[in-house]
Structure formats: structure tokens, C-alpha cells
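Here is the structure we will look at, set down as C-alpha cells.
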Amino acid sequence: MALRRHRTHTETRTKRPRSEAPAYPASSHQPVPAAVELRSVVRTYGRGSATVHALRGIDLALPRGGFTAVMGPSGSGKSTFLQCAAGLDRPSSGDVLLGGESISGLREDRLTELRRSRIGFVFQSFNLLPSLTVAQNVLLPQRLAGVKQDHRLAQQLLTEVGLPAHGDRRPGQLSGGQQQRVAIARALITRPEVVFADEPTGALDTQAAQEVLGLLRRAVDSMGATVVMVTHDPVAASHADRVLFLADGAFAGELHRPDPQSVAARMADLAAFRPISFAGAAA
Ligand SMILES: Nc1ncnc2c1ncn2[C@@H]1O[C@H](COP(=O)(O)OP(=O)(O)OP(=O)(O)O)[C@@H](O)[C@H]1O
């Protein structure tokens, strides 16, 4: 595979004296540098009494070479988190760092350039351009970034996602699962520092969803990719190394090496917490 292979957790983990502080306080399990870091990120919408606090001061480090899922009840701030972390939206205050470099103060043109060259995106609705062939869709980020289009890598990635003979087809000739696999190949073509996936299995049946999740997992394990995925689905989240939970715009805990049952139980706890707090507020 042409993509840089990232060392496994076991390979990268070095012995650290007990007294030494962890490299990343937000996650003591991750000695590798963060792909993305959020520092005191606040995002509010509206003003005065209509102010919505979508993110209330998030401090998180997302490890390089890891697969992180983000979960939380509806309205907890998952999309806002993803948009801020991916440079699609600007925090009201706080800082977002990509590979250690602050991106919050960048001008819009620099931010666009950075998104095109250093970040990959996978959306629920695939977002392939129907007039382009599958191969052209995969190559589109390179075209937009103004770099040489690597047709060999595009073919390699299409082979990786199980579509070696589909390059000349149009997206409309593919199933939803196949289209999402093309979207994953497209997200990886620039060898991005991080791939953000927003509900990538939301529009797929169980079988296609499993295939897509398996591919994201493989992108991390054997291609060295870093994946951050927002999902509502505990089964999808269980493919990640770590699940971060948000509730009411704040970080609400995490699970390492999650299984669907423990994720579902944590989600049920978060959902149960809401009516109690509302009842308290009304009292
Ligand atoms: N453009 C906006 N203008 C005003 N409020 C917004 C805007 N976008 C999001 N919000 C509010 O911010 C809060 C967080 O929204 P967000 O979409 O991030 O939540 P979410 O966890 O992704 O929700 P869901 O799971 O339902 O997609 C919600 O209260 C939402 O109504």
C-alpha cells in the first residue's frame, strides 16, 4: 500500500517511568502526538437570551493513527465538534490544532487549502459528483488542491475498497455501500493527517455498514490513517479504539476498546440524565 504505514500501538508504546506525566493529559493511553487537539473550544450560536451553547469548553486530544468515535444524545454538539475540529467552522473561543499547528486564526483561503490537502471527509450522503467517473471522484481532492493527480494511487485505493474494476463507472451506477467505499478512497487520496467521517453508515444497510466500518478500521490499522467518526450507532462506535461522549456541549467521558453493549449502556445513561436535569431546572 502506498500510504504511510503507522506503527501499531504496541510498537509505538515506550516504557515511561510512573512518575512522568503522560504526553497527552486528555488521554493518558496515547503516548503518540495528537493529530487534532481542541483547547477550551467554545461554540455558541445566536445572542442574548437566544444564545445556544453548542460546545462549552472542550479539551480533547485525538491521537494520530487512532480510530476515535464521537457519540452523544441528539443536540449534544457532535456535529459542531466535528465541524470545528475539521476547520469547517470556527470556534467562538479556544483553539484547534492540526498536527500541533493552530488553525483557528487562519484566513479562510488558508483554511480551505488546509482542508483540501491535510484533511479527508466522509459524509453520510457520500457527496460524490454524479457527472464524474468513480476514478475522477477519487482524484478530485488532488485536482482541487492543485497537485498532480496520482492515478496509480487512485487505482490502488479503489482496489483496497474492493472496487478495482469500477473506476470508469458513474456514482449513479453503484449501490450506496459502493458509493461510500468510493468516498473513503477519495478521503484517503491526499494521505490526509486525519479523516473525519460524519455518520458514514447512516444511509446504509447492516451489511454495507459493516463493510464501510471494516474499511475505516483497515485504513487505520494498515494504512496509518487517523479516523474521527461521529455516529449514533453503538455497533459502529465499537469498531473504534476509543469512544468520546458529549452531553449538552461538554465532554462526558470516554470508553477504550468499546463493545456495543457498553457503548449502548453509556448512551442510555446520558439520555436518562437529561430529563432529570430538566426536571431539576423546572423545579
Ligand atoms: N447553525 C446553528 N444555529 C443555531 N443553533 C445551532 C446551529 N447548529 C447547531 N445548533 C445547536 O447547537 C446544538 C448542538 O447541535 P449539533 O448539531 O452539534 O448536535 P448533534 O449532537 O450533532 O445533534 P444530532 O445528533 O441531532 O445531529 C443544538 O442545540 C443545535 O440546535
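The values are calculated or read from the model by the stated rules, or taken from the named source; none is laboratory data. Note that the structure is predicted; figures quoted are calculated from it, not measured. Note that we place each Cβ from the backbone using ideal geometry, even for glycine, and neighbour counts take in every protein chain shown.
All conditions in (1) more than 9 Å from the ligand (Cβ to nearest atom); (2) in contact with a strand residue (DSSP E or B) (Cβ under 7 Å, 6 or more places away or on another chain) hold for Asp109, with the sole exception of (2).
Of all residues in the range 206-237, those being of a type in the set (Gly, Ala, Ser) and either within 16 Å of the ligand (Cβ to nearest atom) or buried (at least 20 other Cβ atoms within 10 Å of the Cβ) (or both) number 5. For the range 109-131, the tally of residues that are within 16 Å of Ala145 (Cβ to Cβ) and without any contact (Cβ under 8 Å) to a residue 40 or more places away in the chain stands at 7. Of the candidates Ala165, Ala203, Ala154, the single residue that is surrounded by 17 or more Cβ atoms within 10 Å (Cβ to Cβ) and not polar (S, T, N, Q) is Ala154. Criterion first (in contact with a Leu (Cβ under 8 Å, 6 or more places away or on another chain) and free of Cβ contacts under 8 Å to residues at least 60 places away in the same chain) does Pro91 satisfy it? Answer is yes for this residue. When restricted to residues that are surrounded by fewer than 18 Cβ atoms within 10 Å (Cβ to Cβ) and either within 13 Å of the ligand (Cβ to nearest atom) or closer than 20 Å to Gly99 by Cα (or both), the range 40-56 contains 11.
Would you please name the residue that is farthest from the ligand (Cβ to nearest atom), looking only at residues in the range 84-101 that are modelled with pLDDT of 95 or more and out of contact with any helix residue (DSSP H, G or I) (no Cβ under 9 Å at 6 or more places or on another chain)? Ranking the candidates gives Leu97 first. Among the criteria (1) in a loop (DSSP other than H, G, I, E, B); (2) without any contact (Cβ under 8 Å) to a residue 60 or more places away in the chain; (3) among the small types (Gly, Ala, Ser), the one Gly202 does not fulfil is (2).
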